[in-house]
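For reference, the structure is listed below as structure tokens.
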There are 2 protein chains.
Amino acid sequence: MEQDSVKIALIGFGTVGAGVAKIILKNADHIAHKTGIKLELAHVVDTDLTRERPVQLPDGLLHSDLDKAINDPQVDIAIELVGGTTFAGDLQKRLLAAGKNVVTANKALLAERGQEIYQVARENNRCVAFEASCCGGIPLIGAIRSGLAANKISAMYGIVNGTCNYILSGMSREGKDYATALKEAQDAGFAEADPTLDVNGADSAHKLAILASLAFGVTIDYNAIAVTGIEGINLSDIKYGSELGYAMKLLAIAEQTEMGLSLRVHPAFISYDEPLAQVSGSFNALSAFGDAVGHTSYYGRGAGMMPTASAVVADIIEVAQGNAGRCFAGAAAFGRPGRAPSLCPNEKVSSRFYLRLSVVDQAGVFARIADVLGRNKISISALLQHESESSDKVPVVIMTHHALQGNMEKALEELAQLDVVNASPICIHVVTPPVDE
Amino acid sequence: MEQDSVKIALIGFGTVGAGVAKIILKNADHIAHKTGIKLELAHVVDTDLTRERPVQLPDGLLHSDLDKAINDPQVDIAIELVGGTTFAGDLQKRLLAAGKNVVTANKALLAERGQEIYQVARENNRCVAFEASCCGGIPLIGAIRSGLAANKISAMYGIVNGTCNYILSGMSREGKDYATALKEAQDAGFAEADPTLDVNGADSAHKLAILASLAFGVTIDYNAIAVTGIEGINLSDIKYGSELGYAMKLLAIAEQTEMGLSLRVHPAFISYDEPLAQVSGSFNALSAFGDAVGHTSYYGRGAGMMPTASAVVADIIEVAQGNAGRCFAGAAAFGRPGRAPSLCPNEKVSSRFYLRLSVVDQAGVFARIADVLGRNKISISALLQHESESSDKVPVVIMTHHALQGNMEKALEELAQLDVVNASPICIHVVTPPVDE
């Protein structure tokens, strides 16, 4: 069988890099049989030449001479796996200028400096492929870019950070508090020693910027995404939510609204009836709604050595086949003076809300709370109050119907000032994806 | 922005055809913006020119002159939506010979005569694209072919027929018997007037043949797939299974085993903990396991006008970009003297089983049943017996550990001959996908 051979420079031989080398060395024949593309590692570049890795490279492949790889005219595709947004960005631009197509998992770089990189790619008639940047092994970029290409996407809801989902699952299932669940995620290797970018929602926002840009064919300003992380989540809210039939997830959301595109990352309650509510542990999933296709959903491992490497190698094949290049060249989202979307202001976001108040147990309290909500056009859909041992700290949980976020913020300020409310109210979004029946 | 314009002949203006026209007329600008491909309908061909369709075509587009469309040199892509396996097959071959790339949703044709069609495509340096043939709007072909291309796939488990899933969901959720649930599926438009090919499993087997061929890079003989439909399913088994924590689904299964590739379609119990168990109504889903990626899953509408049209139009774009053509040319599965897989004989399939016996209520019955099972190397994992009003028809439900299907068949014969067993035993597979933790 005729096969196109493709020579690859792998730059960054860390965890994912080792996974990529492992797949290429182990599955190259199988891949060639299935796709007609024969993958060959030509260079593996890293500054650390001695560390033990879980893969044995052929002699002479690993070196630290970046220029040698960049200047090798035989190399068609370079894989950037060094991470970070400064050196990696300059590296990607050098590689593109040297005529290499670039495959990367670097979501932070693409979310923050994507247009700059794409521009260089376009000038050099090359492409950047980044299936591995969003939700690891789930072939999500391909699904959104090509699989749903016929659709106007109306909304996407994603659990796109495995660390957060592992922590929230631990809290939900085993009743652990946040600190304990985080510690366990770290011990199990599902959270970094410094988990800041995961738990504060920034990583989810990076992925949302990339996915929304493809889904809506627009240029996304990463800094315009409203982000709340999971650091402040209290176990009691997870328990109350569960009693009411809701699971708590950190959601990355892109919704076309009448007021424009709403982009946000925040903890949210989602009904147990939704497929997303069933996604537990370090798994990721995304539900996308299209005007023709209706509700579709994608599930799998969002991180880890082999799942991420699976996406990197899929991209290498797509680039070698020329598919990634043509998709990149044709897409409005990349390095073109694309449409900047009209964004929905946060105060205009319409959502249901979960509200927890700690109140004094006395007559007339409910009336005063209901009055504040009513004046701010917020109506109550469910109410939960258990008997309490303390009469001055009675937790009251309220689920609202749809209300404007701006109105809810105003109501929260007013509620905090009531003398019968004795702590800052807790407010969490309740997300109800469109019904497709 | 530069755009590649592509002229399309749509052949077969039925339900899906109308959906395709609707998308192209409505979303062409949006698609051009997102992909760089401008879609243009050049011909819509059907024998029925008068029927009302839910889309208004520009004047002069609809005609019944097939030759005019085939001989139009401006047409790049032809969409075959006439269905069936004889005329449609000849039509696809004529289109390919005339230099058109073919997009189709015709799973029966590709499963039964695919190699013949692919051969003609190859000879003419054209391709056949068929995302719409498997699970409608879910971009499953792309995910298996490209998204998971780096992986050796070990297994796939799919709910790939919406009619059967709608019927089984109706039986499970609302306690309807098979006939009532089928009638309701027909009334709701989720089952044909003649539902034979859906409920007997043939449609699922068609899809399995196509998906397995891509996933494993092999040529699949459709007739080698062992198929059992849902016609014989009894409501009481759904209820007992549910008590034990299992949902009943019609599964299409491809598993790499030590004895070869096992391909089969049959009703199966699957644990409520599995994502597939949560897929209800007319939705479809597929779980695929790869050696690098682990467990991935895909969910959405498997049929219907707009979801299927979504996949057809996605394919048109893929063909226009040249991606479908390159994937087709490179893949071993299409029209090449590909590897025929070594198939696992059905009697060597290892599975857990659900067994329901109607027995006489007397001492020693369990011992005799256990003796038959034990001699056939089948061990019991759970047992369920409710009190019964009748002492000669006591239902006993047994869940087994893994056993060989051949041994189970032998045990069933022996059990049927016991004088304490007074009806044919009911036996249903219990499917346990690999654990990915």
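The values are calculated or read from the model by the stated rules, or taken from the named source; none is laboratory data. Computed from a predicted model, the values in this text were never measured in an experiment. Cβ placement follows ideal geometry from the backbone for every residue including glycine, while neighbour counts extend to all protein chains displayed.
Condition check for B:Glu52 on (1) without any contact (Cβ under 8 Å) to a residue 24 or more places away in the chain; (2) in a strand (DSSP E or B): one failure, at (2).
Inside the range A:191-212, residues that are under 13 Å from the mean Cα position of the chain (by Cα) and under 18 Å from A:Ala105 (Cβ atoms) make up a count of 12. Selection of the range A:237-293 for residues being farther than 27 Å from B:Gly281 by Cα and not in a strand (DSSP E or B) yields A:Asp237, A:Ile238, A:Lys239, A:Tyr240, A:Glu258, A:Met259, A:Ser282.
One residue stands out among those in the range B:330-345 that are at the interface with chain A (Cβ under 8 Å from one of its Cβ atoms) and crowded, with 20+ Cβ neighbours inside 10 Å: the one that is modelled with the highest pLDDT, which is B:Gly330. Is it the case that the range B:264-277 has a residue that's facing another protein chain (nearest Cβ under 9 Å) and in contact (Cβ under 8 Å) with a residue 40 or more places away in the chain? No, that holds for no residue. Going through the range B:198-236 one residue at a time, which ones are assigned to a helix (DSSP H, G or I), farther than 24 Å from B:Gly142 by Cβ and in contact (Cβ under 8 Å) with a residue 24 or more places away in the chain? B:Asp198, B:Val199, B:Ala202, B:Ala224, B:Leu235, B:Ser236 - these are the residues of the range B:198-236 that are assigned to a helix (DSSP H, G or I), farther than 24 Å from B:Gly142 by Cβ and in contact (Cβ under 8 Å) with a residue 24 or more places away in the chain.
Selection over the range B:217-231 of residues that are surrounded by 24 or more Cβ atoms within 10 Å (Cβ to Cβ) and either within 18 Å of B:Leu250 (Cα to Cα) or in contact with an Asp or Glu (Cβ under 9 Å, 6 or more places away or on another chain) (or both) gives a count of 2. Count of the range A:1-32 residues, restricted to those that are assigned to a loop (DSSP other than H, G, I, E, B), surrounded by fewer than 20 Cβ atoms within 10 Å (Cβ to Cβ) and away from chain B (no Cβ under 12 Å), is 1.
Residue-wise test of (1) in the same structural domain as B:Gly290 (by TED's automatic domain parsing); (2) surrounded by fewer than 24 Cβ atoms within 10 Å (Cβ to Cβ); (3) in contact with a helix residue (DSSP H, G or I) (Cβ under 9 Å, 6 or more places away or on another chain); (4) closer than 13 Å to B:Asp315 by Cβ.
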| residue | (1), (2), (3), (4) |
| --- | --- |
| B:Gly99 | no, yes, no, no |
| B:Ala108 | no, yes, yes, no |
| B:Glu112 | no, yes, yes, no |
| B:Asn125 | no, yes, yes, no |
| B:Gly137 | no, no, yes, yes |
| B:Ala143 | no, no, yes, no |
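Among residues that are within 30 Å of A:Ser213 (Cβ to Cβ), modelled with pLDDT of 95 or more and touching a Leu at 6+ places or on another chain (Cβ under 8 Å), B:Leu10 is not included. A single entry from A:Ala329, A:Ala363, A:Ala333 fulfils the requirement of being closer than 28 Å to A:Pro434 by Cα, among the aliphatic types (A, V, I, L, M) and not assigned by TED's automatic domain parsing to the domain that holds A:Glu258: A:Ala333.
Of the helices (runs of 4 or more DSSP H) that lie entirely inside the range B:63-127, those containing 1 or more residues that are touching a residue at least 24 places away in the same chain (Cβ under 8 Å) and over 24 Å from B:Gly19 (Cβ atoms) span B:87-97, B:107-123. Criterion first (of a type outside the set (Ser, Thr, Tyr) and out of contact with any Gly (no Cβ under 8 Å at 6 or more places or on another chain)) does A:Gly217 satisfy it? Here the answer is no, as A:Gly217 does not meet what is asked. Exactly one residue among B:Leu214, B:Leu208 is more than 14 Å from chain A (Cβ to nearest Cβ), under 30 Å from B:Cys344 (Cα atoms) and crowded, with 24+ Cβ neighbours inside 10 Å, and that residue is B:Leu208. What number of residues in the range B:370-385 are within 26 Å of B:Ser271 (Cα to Cα) and more than 36 Å from the chain's Cα centre (by Cα)? Residues that pass the stated criteria total 1. Filtered by the rule that a residue be hydroxyl-bearing (Ser, Thr, Tyr) and more than 23 Å from B:His33 (Cα to Cα), the range A:183-230 gives A:Thr196, A:Ser204, A:Thr228. When B:Thr47, B:Thr86, B:Thr35 are screened for being within 14 Å of chain A (Cβ to nearest Cβ), among the polar types (S, T, N, Q) and either surrounded by 15 or more Cβ atoms within 10 Å (Cβ to Cβ) or within 31 Å of the chain's Cα centre (by Cα) (or both), only B:Thr35 passes.
For B:Val431, work out the one condition from (1) within 22 Å of B:Ala252 (Cβ to Cβ); (2) in contact with a Cys (Cβ under 7 Å, 6 or more places away or on another chain) it doesn't fulfil. The one condition B:Val431 does not meet is (2).
Scanning the range B:379-437 for residues that are under 30 Å from A:Ala303 (Cβ atoms) and either surrounded by fewer than 14 Cβ atoms within 10 Å (Cβ to Cβ) or more than 14 Å from every other protein chain (Cβ to nearest Cβ) (or both) returns B:Val431, B:Thr432, B:Pro434, B:Val435, B:Glu437. Just one residue in the set B:Ala288, B:Ala324, B:Ala303, B:Ala370 is more than 7 Å from chain A (Cβ to nearest Cβ) and over 17 Å from B:Pro139 (Cβ atoms); that residue is B:Ala370. If we keep just the residues of the range A:145-197 that are closer than 30 Å to B:Ala28 by Cα and part of a strand (DSSP E or B), which is nearest to the other protein chains (Cβ to nearest Cβ)? Only one residue fits best here, namely A:Ile153.
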